[in-house]
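Heads up: the structure comes next, in structure tokens.
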Amino acid sequence: MERKALRIAIVDDDQLLCRSLALLLENEPDMEVVGTAPEGDAAFALMKQQRPDIVLMDIRMPGTDGIDATRRIMHAFPGTKIVMLTTFNHEQEIRLALDAGADGYLLKSGDFSSMAGRLRALASGSAILDPDALRELSHPAGAGLDQLTDRERDIVERIAHGYSNRETAEQLFLSERTVRNTVSTILDKLQLRDRTQLAIYYWRRA
């Protein structure tokens, strides 16, 4: 059965960047760029028209910025995956974006050649968080990882590095079902919502 193409929207006031990303992603057989927008209000209108699966969102734009747009989109379209794509590597912006509901945080200084793979990983449930940005989240909060078993810590480490359940299972010689169930147990122990929050939790303590 043919996999449904990922529908992607790009929100950035830099039109050259929008065009470049659109060309890059449109070359992927399983991806479709359904539109671009220069700021947050236009992004919300695009959401209503096209219902993309993933939104690549800049933070600082004229008009409604990416943080406010993310909050609004996540409230109205909670199934959407939003990735902040920005030049800003400041702790405040990172925390605001993740608190607003963003599922990822990438820097424009990163390697765009890996963008398609990262978006596929995001769609399959993996976190996509730039290591340089995560190093800004250096102040631990709450209970540590010492409450986890050795196996649970091994799984958390692989999730934080972007591995899927299947890849984690293969590396640790476990069944994919065991990994999936263990991830659920870990999330309950740490009182976290999903794999993205788990990856952030890990990197805050790395």
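Where helices (runs of 4 or more DSSP H) fall wholly inside segment 165-206, the ranges with 2 or more residues that are within 18 Å of the chain's Cα centre (by Cα) and surrounded by 13 or more Cβ atoms within 10 Å (Cβ to Cβ) are 176-190, 195-204. Taking every residue in segment 163-176 that is of a type outside the set (A, V, I, L, M) and pairing it with any residue that is part of a loop (DSSP other than H, G, I, E, B), at least 6 positions away or on another chain, the pairs with Cβ-Cβ distances below 8 Å are 163/126; 164/124; 164/125; 164/126; 165/125; 168/174; 171/163. Within segment 48-58, is there a residue that is surrounded by 15 or more Cβ atoms within 10 Å (Cβ to Cβ), outside the structural domain of residue 193 (by TED's automatic domain parsing) and over 21 Å from residue 123 (Cα atoms)? The answer is no, given that none of the residues of segment 48-58 is surrounded by 15 or more Cβ atoms within 10 Å (Cβ to Cβ), outside the structural domain of residue 193 (by TED's automatic domain parsing) and over 21 Å from residue 123 (Cα atoms). Each residue in segment 75-96 was checked for being under 15 Å from residue 44 (Cβ atoms) and crowded, with 17+ Cβ neighbours inside 10 Å, and 2 pass.
Please determine, by comparing only the residues of segment 125-135 that are assigned to a loop (DSSP other than H, G, I, E, B) and surrounded by fewer than 18 Cβ atoms within 10 Å (Cβ to Cβ), which one is modelled with the highest pLDDT.
Top of the filtered list is 125.
Can you tell me how many residues in segment 97-124 are among the polar types (S, T, N, Q) and either under 14 Å from residue 25 (Cα atoms) or surrounded by 20 or more Cβ atoms within 10 Å (Cβ to Cβ) (or both)?
So the count comes out to 2.
Output yes when any residue across segment 7-17 is at positive phi, touching a Lys or Arg at 6+ places or on another chain (Cβ under 9 Å) and of a type in the set (Lys, Arg), and no when none is. Checking segment 7-17: not a single residue is at positive phi, touching a Lys or Arg at 6+ places or on another chain (Cβ under 9 Å) and of a type in the set (Lys, Arg).
The values are calculated or read from the model by the stated rules, or taken from the named source; none is laboratory data. Keep in mind that this is a model prediction, so the values were computed, not measured. So basically every Cβ, Gly included, is an ideal-geometry build from the backbone, and we count neighbours across all protein chains shown.
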